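Q: One structure follows; several queries about it will come next.
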Amino acid sequence: MISCIIVDKLRENIRTVVNICLTTENDDMAWLLMYMLRMVSRLKLFEKIDLEISHYYTITHNMFLKVLENKMQIMDLYPLSKIWICAFRVKNNTFQIDTLDKLTTIATIFCIDLSRKLSKVVSGFGKFKMTENTKLRLHIIYLTLIAFPLVNYLANHWVYKMLLKLHSYAQRFIEKNVYAEFPFENKFVFTQYYIKSLVTLNIRVSNLDRKMIYWVFDILSTTQVLSNLFYSSELHYSYLYSYYILDMFEVS
């Protein structure tokens with residue numbers, strides 16, 4: 001058990017680094033803070049450090065801008081994904097995604113992480129787990145796709161780039177048929193994201209895409225669930241199918 005003295009010292013050090021990042025925009029300190037918070041999340045101490053989430057968003061956004069400005073590898077920012085999931089899960093969290101900048105920044109962070117994980121799976125390493133945190137990431141990315149017409153993607157081209165990258169890995173993931181192992185709810189969440197991504201990013205719907213989507217619909221429509229959830233599954237299937245048809249009609 002980690003002593004209170006150690007936790008207090010850790011909290012103090014993190015606050016010091018946060019203040020330095022906010023007042024000087026020191027790149028090295030921002031990266032140091034990211035890895036400190038990654039360690040904190042692994043130790044399950046996020047609740048105890050009292051991180052000011054709004055301040056950390058400012059630091060996160062500045063990191064993005066610096067990475068793009070210096071043409072660094074944006075994929076190196078993947079640890080931010082776990083940090084932000086922990087931030088959202090903190091009790092009494094008051095941080096809200098109430099601007100397009102916040103939405104696109106957080107969604108890009110999640111795209112980076114999910115792309116990294118899916119790339120490993122399609123290469124034959126590891127397993128993609130649809131945890132509650134994974135579903136939260138997909139929901140936020142889905143909201144970003146809904147808000148797509150409102151986003152200035154000329155100024156934020158990196159968002160579009162990462163959405164395309166994630167879609168590419170998602171497609172390859174479905175092609176590997178690993179997706180078939182998902183339980184009903186996970187299939188629905190993943191398919192909802194995939195269809196919205198396909199249509200919103202104006203990706204040409206190939207014959208393979210159509211086969212995959214209708215295969216997924218067939219799985220959803222024939223999924224056997226507990227009797228008290230049967231009508232819910234039928235409703236989910238009908239919603240997703242009508243959504244796909246409507247979006248295809250709008251694109252055409």
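Q: To make sure I understand, if each residue's beta carbon is the centre and we count other beta carbons within 10 Å, what order do Ile59, Ile83, Ile106, Ile146 fall in, fewest to most? Please report the intermediate quantities before stating the final value.
A: Details: Ile59 18, Ile83 22, Ile106 25, Ile146 12.
Least to most surrounded, the residues fall as Ile146, Ile59, Ile83, Ile106.
Q: By counting other Cβ atoms within 10 Å of each Cβ, how are Lys196, Lys9, Lys66 ranked from fewest to most?
A: Numbers: Lys196 21, Lys9 11, Lys66 14.
Ranking Lys196, Lys9, Lys66 by Cβ neighbours within 10 Å, fewest first, gives Lys9, Lys66, Lys196.
Q: Hey, what does the equivalent ellipsoid look like for segment 1-67, semi-axes from the Cα gyration tensor as sqrt of 5 times each eigenvalue, largest first, whole Å?
A: Details: eigenvalues 98, 26, 19 Å².
Those come to 22, 11, 10 Å.
Q: Let me ask something else. With θ set to phi - 60°, apply the Karplus curve 6.51 cos²θ - 1.76 cosθ + 1.60 along segment 130-145 and write out the HN-Hα couplings as whole Hz, x wherever there is a Gly or Pro.
A: For segment 130-145, the Karplus-derived couplings read 8, 7, 4, 5, 4, 5, 4, 4, 5, 5, 5, 5, 4, 4, 5, 5 Hz, x marking Gly and Pro.
Q: Could you pull out the pairs from Lys66/Lys127; Lys102/Lys176; Lys82/Lys187 whose alpha carbons sit more than 27 Å apart here?
A: Values: Lys66/Lys127 32 Å; Lys102/Lys176 33 Å; Lys82/Lys187 23 Å.
Lys66/Lys127; Lys102/Lys176, as the Cα separations exceed 27 Å there.
Q: Can you put Met63, Met75, Met36 in order, fewest other beta carbons within 10 Å first?
A: Numbers: Met63 24, Met75 14, Met36 18.
With the fewest neighbours first, Met63, Met75, Met36 line up as Met75, Met36, Met63.
Q: What does the convex hull of the alpha-carbon atoms of segment 1-113 project to on average, in nm²? Before the final figure, lay out the partial values.
A: Numbers: hull surface 28.1 nm².
Directional mean of the projected Cα hull area for segment 1-113 stands at 7.0 nm².
Taken together, the values in this text are just the output of simple stated rules run on the coordinates, not laboratory data. This one's a predicted model, so the numbers in the text were calculated from it and none came from an experiment. Ideal geometry is used to build each Cβ from the backbone, glycine not excepted, and the neighbour counts take in all protein chains shown.
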